[in-house]
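In what follows, a structure is listed as structure tokens, so that the remarks can point back to it.
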Amino acid sequence: MDDSDFDRLMEIQRMTASSIRQESEVDNKIKILDILNEFTASKGKKILVEAVIIEAGIQGLAESEVMTTLDALKSDGTVKEPEPGYVQLT
């Protein structure tokens, strides 16, 4: 294997890792949105962030993943924070 083959292999590996990371982020968004939809149907519009963290933990997400995903959903306007410690679907 020469240097160009190795460089190409490393580039493929980086692209694959990036694709997997993006798919994981989308999966996390779907899980969190499903949780938010479940809580909205049964508990009103505002949802306690801690409740989302607990439910997501049951589904295998770490608290840091939940918070990162909620931040991403806030950034894209899907979720808002009506008051500290609560989220709401927009």
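At-a-glance table
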| read-out | value |
| --- | --- |
| Selection from the range 59-74 of residues that are surrounded by 15 or more Cβ atoms within 10 Å (Cβ to Cβ) and in a loop (DSSP other than H, G, I, E, B) | Leu61 |
| Selected residue (only one of Ile12, Ile20, Ile53 is part of a helix (DSSP H, G or I) and under 13 Å from the mean Cα position of the chain (by Cα)) | Ile53 |
| Pair list, Cβ < 6 Å and 6+ apart or interchain, from the range 16-29 residues that are in contact (Cβ under 8 Å) with a residue 12 or more places away in the chain to residues that are of a type in the set (Ser, Thr, Tyr) | Asn28/Thr69; Lys29/Thr69 |
| Which numbered condition Met1 fails, given (1) surrounded by 10 or more Cβ atoms within 10 Å (Cβ to Cβ); (2) modelled with pLDDT under 95 | (1) |
| Residue that is modelled with the highest pLDDT [pool: residues in the range 38-48 that are surrounded by 12 or more Cβ atoms within 10 Å (Cβ to Cβ) and either touching a helix residue (DSSP H, G or I) at 6+ places or on another chain (Cβ under 6 Å) or part of a helix (DSSP H, G or I) (or both)] | Ile47 |
| Breaking point among (1) surrounded by 14 or more Cβ atoms within 10 Å (Cβ to Cβ); (2) under 15 Å from Thr68 (Cα atoms), for Ala51 | (2) |
| Residues located in the range 75-84, provided they are within 18 Å of Ser24 (Cβ to Cβ) and surrounded by 11 or more Cβ atoms within 10 Å (Cβ to Cβ) | Thr78 |
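The values are calculated or read from the model by the stated rules, or taken from the named source; none is laboratory data. No experiment lies behind these values; they were computed from the predicted model shown. Glycine gets a Cβ as well: all are built from the backbone with ideal geometry, and neighbour counts include every protein chain shown.
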